[in-house]
Amino acid sequence: MNKLKKLLLISSALLLSTANNTFAAASGTITASGTVVGTCTVTASNMAFGTLNQSGTTLAYSTVTPNCTNGTPWTVTNSGANEGYIYLGSNADLVSTSRLAAPITVNTGFAASGQDFTFANRVTGKLVGTGNGSDQAQTDALKGTAANANGNVAGVYGGTITLTIAY
């Protein structure tokens, strides 16, 4: 039993002596990083001229709605397809009395106000802004002016303008 007490005392003394030892320590850091990639989409409302005027021009407007990641600068331009005309039956191959001039311009109240919204004029005839992460409706941003329809073949005229958003 004495032996057991001695062993317990020695063990306790050893434990107490190692408990007070100081160990060296070092620290390090972790660098965290990530990238938010800017993305954009664009939609537009139809430019509905309704009944085309036989004795003067007919106006119609389109609201362009870009949606870009917060802080992402955007530019909307015309891609150049079918610009400047609407066609009987939407047939871009028709000419003369089966097509009607309908140029599109940037409406008043926008930085490029009055500029032709064409591919050739895309440097100045454009819509610009910076994304906020939500739809940014540019109300009535584009104005179409359909020419006098006097002499044109009766029917439904139409066409498609493709918008491009660069970001």
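The values are calculated or read from the model by the stated rules, or taken from the named source; none is laboratory data. Computed from a predicted structure; not experimentally measured. So basically every Cβ, Gly included, is an ideal-geometry build from the backbone, and we count neighbours across all protein chains shown.
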Has the range 83-91 got at least one residue that is under 20 Å from the mean Cα position of the chain (by Cα) and crowded, with 19+ Cβ neighbours inside 10 Å?
no
Taking the condition free of Cβ contacts under 8 Å to residues at least 24 places away in the same chain, β-branched (V, I, T) and surrounded by fewer than 18 Cβ atoms within 10 Å (Cβ to Cβ), does T75 pass?
no
Checking A19 against (1) more than 30 Å from G129 (Cα to Cα); (2) modelled with pLDDT under 95; (3) under 38 Å from the mean Cα position of the chain (by Cα); (4) small (G, A, S), the condition it does not meet:
(3)
Looking only at residues that are crowded, with 19+ Cβ neighbours inside 10 Å and of a type in the set (A, V, I, L, M, F, W, C) in the range 113-140, which one is modelled with the highest pLDDT?
L127
Report whether or not A32 is more than 24 Å from A149 (Cβ to Cβ), out of contact with any helix residue (DSSP H, G or I) (no Cβ under 7 Å at 6 or more places or on another chain) and not in a strand (DSSP E or B).
yes
Would you confirm whether or not the range 27-42 contains a residue that is at pLDDT 95 or above, of a type in the set (A, V, I, L, M), surrounded by 10 or more Cβ atoms within 10 Å (Cβ to Cβ) and within 19 Å of G158 (Cα to Cα)?
no
